[in-house]
1. Taking the chain, how much of its Cα-Cα pair set, in percent, is spaced more than 30 angstrom apart?
2. List, in order, the whole-Hz ³J(HN,Hα) value for each residue of the stretch 112-127 obtained from phi through the Karplus relation with A = 6.51, B = -1.76, C = 1.60 and θ = phi - 60°; use x for Gly and Pro.
3. Scaled to the compact-protein estimate 2.2 N^0.38 Å, what is the alpha-carbon radius of gyration of the stretch 140-259, rounded to two decimal places?
4. Across the stretch 185-194, in residue order, what do the Karplus-derived ³J(HN,Hα) couplings come to in whole Hz, using 6.51 cos²θ - 1.76 cosθ + 1.60 with θ = phi - 60° and x for Gly and Pro?
5. I'd like to know which of Val248, Val126, Leu226 lies farthest towards the positive end of the charge dipole of the stretch 3-278, counting +1 on Cβ of Lys and Arg and -1 on Cβ of Asp and Glu.
6. Restricting to DSSP H runs of at least four residues, report the calculated mean residue ellipticity at 222 nm for the chain, -39500 (n - 2.57) per run over all residues, nearest 500 deg cm²/dmol.
7. GNM on the chain, C-alpha springs below 10 Å: top fluctuator among Gln228, Gln60, Gln22?
8. Could you give me the ³J(HN,Hα) list for the stretch 212-222, computed from phi with Karplus coefficients 6.51, -1.76, 1.60 and θ = phi - 60°, whole Hz, x at Gly and Pro?
Amino acid sequence: MSISHLFLWLTASIWGFAFVAQSTAMEVIGPHTFNAVRFLLATLSLIPLLFIFKSKQAYQMKALVKGSLAAGTLLFCGFTFQQTGLLYTTAGNAGFITSMYIVLVPLVGLLFKHAVDRLTWMGVIVALAGFYILTIGPNLAINKGDALELAGTIFWTLHVLLIGYLSRSLPALPLSIMQFAVATLWASLTAFVLEIPTFESIELAWWPLVYAGVASSGIAFTLQTLAQRQVTPSTTALILSMEAVFAVIGGWLFMDEVLSDRALFGCALIFTGMIVSQWPRKAVPINAEVPKETSL
């Protein structure tokens, strides 16, 4: 295993365990206040990277602002549904349902005339079957938290497609920083309208906030960026899909979450579908663009 592969495994584990941090924080802080502080920390943690990864890509500031507004709004919506959903579901379920964006992206991409091969279709079908087994109960009922996580996944899917489009003309790092800044504004406004943010609650949730805001954004972003210079996009996607598995492991280790045999089978199918849909088809240039993970 090369150092680049190790970086990707570390990134997947950081993102997976972030679901534990997000879930435990809900005991002392509201979801919107959590997101507001998290986005702010993410923005601040990424700014120093501007001096490390200096982009030579030419771009128009107007285009960067417009793109950041759109991407930041989708990011805010995705995290809002995800964080609120954690009030009603497990970290493991949230991790696997969120990771469904990996197989939903090709489906939504059809609307933009993106090609989808047979192997991807197989992965999508298997993952959707797993989702049904994991979340759908008697009388076709779905847990409120799982439904919220699924709604968030739709926004993650749209965010991935948008970032893939914007990255053709805009540098990744300034775009990431500005979209987090936009998300910070939206989450702050929502927190003050729907909640009563207090410094006491922020202090009580300090470590989950630092983990979610700094480790899951600044550190993971750096590791992913360094690794993608040496690893193909398909291999990158395969390794990063392990985020869902780490979410389940984290929930079991730190929150005593136990999945039923049915839920484990559903998770296994979802994971299999993600692997099948992202399995390498042919050689791809290493510097090809890879959609960035929306859990940054």
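1. 27
2. Using θ = phi - 60°, the values come out as 9, 6, 7, 6, 10, 8, 5, 4, 5, 4, 4, x, 4, 5, 5, 5 Hz.
3. Rounded to two decimals, the normalised Rg is 1.27.
4. 4, 4, 5, 5, 4, 5, 4, 6, 7, 9
5. My answer, from the dipole projection, is Leu226.
6. Working: 14 runs with 203 residues, N = 296.
Estimated from H runs of four or more residues: -22500 deg cm²/dmol.
7. Fluctuation is largest for Gln60.
8. 5, x, 9, 5, 6, 10, x, 5, 4, 4, 5
Computed from the coordinates by the stated procedures, all read-outs in this text should not be read as laboratory data. Just so we're clear, the structure is a prediction, and the values are computed from it rather than from any experiment. Note that each Cβ is placed from the backbone with ideal geometry, even for glycine, and that neighbours are counted across all protein chains shown.
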